[in-house]
Amino acid sequence: FGIHVAEIEVEGPLNPVWPPEWHRRIFPQRLSKESEEAYAGRVLRAFMKKAYRRDVSDEEVAGMVAIYRREKAAGLPVKKSLRMPLATILTSPSFLFIANRHDPASEPGLQKQVSPFELASRLSYFLWRSMPDEELFARARSGDLLLPDVLASEIRRMLEDPRSEALVTHFTRQWLGLDKLERLKIDPTLHPDYDLALHQSMVGEATAFFREILHEDLSLYTFIDSDFLMLDERLARHYRIPDVRGNAFRRVRHSPDSRRGGVLTQAAVLTATSNGIRTQPIRRGAFILEEILADPPKPPPADVPPIEDLVPVDPATGLRKRLEQHRSNAACLNCHRKIDPLGFALENYDAIGMWR
């Protein structure tokens with residue numbers, strides 16, 4: 001016998017205190033002798049400043065108050081009348097986009113300077129992936145944020161804030177293409193060493209390495225060649241490095257003859273630039289050109305087949321010979337002259353970043 005559930009009803013939110021904190025932030029207490037419309041204007045102005053991440057003009061507030069009036073004229077109470085203007089604010093381009101408000105009367109032909117509020121938003125969404133805090137807003141409101149010394153001071157403050165972990169996590173994943181690891185199917189027959197723990201350690205190494213360079217203020221060249229690795233026990237075993245115990249990432253110095261160092265020898269990067277079965281020198285070379293050297297190769301011509309689809313002259317030929325045949329096409333030669341040497345330089349690392 002079984003049980004059949006015909007319907008489930010859930011009541012909520014069940015807040016121990018009403019109104020909850022978020023409600024009080026949007027709808028503060030009315031002041032004594034404050035009219036309903038004055039209260040609505042105060043609510044809307046405060047909400048718009050937060051949503052738009054800048055000060056707002058009287059005209060902008062008046063436009064939202066006009067929407068409130070229409071709702072109030074329909075017989076709705078104050079807070080319900082505020083729903084429509086609040087929803088309108090949240091669908092505004094000023095909320096959805098970090099847009100610069102240039103002065104239309106500024107002299108044409110001159111480069112328009114970023115406004116202090118837009119600079120504040122750029123900083124906060126890049127470093128924190130969130131809106132500016134009150135301190136950053138205050139710097140923007142005074143205009144001091146445009147001063148080089150103040151800007152540098154704010155950047156240091158924001159990087160020291162725990163919210164800067166968002167930069168470490170999201171920028172590293174985007175720059176190094178770590179999201180590709182989530183979609184990559186690793187052949188367990190060819191690579192039995194690969195499992196979920198190793199996958200997590202690969203991503204952890206890349207983010208820990210970026211974090212170390214950022215917070216220790218190391219040279220940018222460290223991304224290319226470093227005398228240390230950021231390892232936990234699982235990844236150290238994968239790299240065949242002894243005496244690393246535990247799941248915490250820590251800085252491990254390596255010997256001068258080590259075949260590791262920098263981002264290009266990290267397992268996450270090497271795996272993300274393979275196909276889960278074998279290495280792909282072209283993809284690795286293109287990655288170096290695009291993400292390290294800022295010199296991305298041009299897209300391949302539409303009439304040139306991929307390397308994998310190329311019918312070799314000799315069925316037993318290897319990848320290098322296939323590439324030589326591919327480069328015989330003049331349209332491919334210029335790009336592959338730059339891509340191939342970089343990709344083949346990493347061929348001693350297999351599809352999951354092990355040295356072979």
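The values are calculated or read from the model by the stated rules, or taken from the named source; none is laboratory data. Keep in mind that this is a model prediction, so the values were computed, not measured. Glycine gets a Cβ as well: all are built from the backbone with ideal geometry, and neighbour counts include every protein chain shown. Protein only, heavy atoms only, side chains kept; ligands, DNA and RNA dropped before computing areas. Shrake-Rupley method; radii C 1.70, N 1.55, O 1.52, S 1.80 Å.
Give segment 219-241 a look and list any residue that's in a loop (DSSP other than H, G, I, E, B) and closer than 15 Å to Met354 by Cα, or say none.
Selection gives Arg240, Ile241.
Quick grid of which residues meet (1) among the acidic types (Asp, Glu); (2) at pLDDT 85 or above; (3) open to solvent by less than 30 Å² (accessible area, probe 1.4 Å):
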{"position": "Ala286", "(1), (2), (3)": "no, yes, yes"}
{"position": "Leu289", "(1), (2), (3)": "no, yes, yes"}
{"position": "Leu323", "(1), (2), (3)": "no, no, yes"}
{"position": "Asn329", "(1), (2), (3)": "no, no, no"}
{"position": "Asn334", "(1), (2), (3)": "no, no, no"}
{"position": "Tyr349", "(1), (2), (3)": "no, yes, yes"}
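Given the condition part of a helix (DSSP H, G or I), at pLDDT 95 or above, under 25 Å from Ala120 (Cβ atoms) and of a type in the set (S, T, N, Q), answer yes or no: does some residue in segment 63-84 qualify?
No, every residue in segment 63-84 fails to be part of a helix (DSSP H, G or I), at pLDDT 95 or above, under 25 Å from Ala120 (Cβ atoms) and of a type in the set (S, T, N, Q).
Which of the residues belonging to segment 265-294 are in contact with a helix residue (DSSP H, G or I) (Cβ under 7 Å, 6 or more places away or on another chain) and among the β-branched types (Val, Ile, Thr)?
Result: Val269, Thr271, Thr273, Ile282, Ile288.
Considering (1) touching a residue at least 24 places away in the same chain (Cβ under 8 Å); (2) over 30 Å from Arg156 (Cβ atoms), say which one Leu229 fails and leave the rest.
Every listed condition holds for Leu229 apart from (2).
Pull out all pairs, ordered by first then second residue, where Cβ-Cβ is under 8 Å, the residues are six or more apart or on different chains, the first lies in segment 111-129 and is more than 20 Å from Val56 (Cα to Cα) and in a loop (DSSP other than H, G, I, E, B), and the second is modelled with pLDDT of 95 or more and open to solvent by less than 40 Å² (accessible area, probe 1.4 Å).
The qualifying pairs are Trp128/Met158; Trp128/Asp161; Trp128/Ser164; Trp128/Ala166; Trp128/Leu167; Arg129/Ala166; Arg129/Leu167.
Could you run through segment 252-284 and say how many residues are of a type in the set (A, V, I, L, M, F, W, C), open to solvent by 40 Å² or more (accessible area, probe 1.4 Å) and not in a loop (DSSP other than H, G, I, E, B)?
Count: 1.
Between a first residue in segment 276-302 that is without any contact (Cβ under 8 Å) to a residue 40 or more places away in the chain and a second residue that is crowded, with 17+ Cβ neighbours inside 10 Å, which pairs have beta carbons less than 9 Å apart while being 6 or more apart in sequence or on different chains?
Every condition considered, the pairs that remain are Leu293/Leu342; Pro296/Ala286; Pro296/Leu289; Lys298/Cys335; Pro300/Cys332; Pro300/Cys335; Pro301/Cys332.
So if I check each of Leu151, Leu198, Leu235, which one is in contact (Cβ under 8 Å) with a residue 40 or more places away in the chain and open to solvent by less than 50 Å² (accessible area, probe 1.4 Å)?
Leu198
Provide a single number: the residues in segment 168-183 that are open to solvent by 10 Å² or more (accessible area, probe 1.4 Å) and touching a residue at least 24 places away in the same chain (Cβ under 8 Å).
Result for segment 168-183: 7.
So Leu159 passes all but one of these: (1) out of contact with any His (no Cβ under 8 Å at 6 or more places or on another chain); (2) open to solvent by less than 60 Å² (accessible area, probe 1.4 Å); (3) in contact (Cβ under 8 Å) with a residue 40 or more places away in the chain; (4) part of a helix (DSSP H, G or I). Which condition number does it fail?
Only one criterion is unmet by Leu159, namely (1).
Filter segment 181-218 for residues that are under 14 Å from Ala351 (Cα atoms), part of a helix (DSSP H, G or I) and in contact with a Ser or Thr (Cβ under 8 Å, 6 or more places away or on another chain) and give the result.
Correct list: Leu181, Met202.
Tell me, yes or no, whether segment 213-229 has at least one residue that is surrounded by 15 or more Cβ atoms within 10 Å (Cβ to Cβ) and charged (D, E, K, R).
no
Determine, yes or no, whether Ser255 is closer than 25 Å to Thr189 by Cβ, more than 20 Å from the chain's Cα centre (by Cα) and not β-branched (Val, Ile, Thr).
Judged against the criteria, Ser255 is not a match.
Just to be sure, is Phe210 touching a helix residue (DSSP H, G or I) at 6+ places or on another chain (Cβ under 9 Å) and buried (at least 20 other Cβ atoms within 10 Å of the Cβ)?
Yes, satisfied.
Criterion first (among the aromatic types (Phe, Trp, Tyr), touching a residue at least 40 places away in the same chain (Cβ under 8 Å), touching a helix residue (DSSP H, G or I) at 6+ places or on another chain (Cβ under 8 Å) and within 22 Å of Ala138 (Cα to Cα)) does Phe47 satisfy it?
Judged against the criteria, Phe47 is a match.
Examine segment 30-40 for a residue that is assigned to a helix (DSSP H, G or I), open to solvent by less than 100 Å² (accessible area, probe 1.4 Å), among the charged types (D, E, K, R) and out of contact with any strand residue (DSSP E or B) (no Cβ under 6 Å at 6 or more places or on another chain), and state whether such a residue exists.
yes
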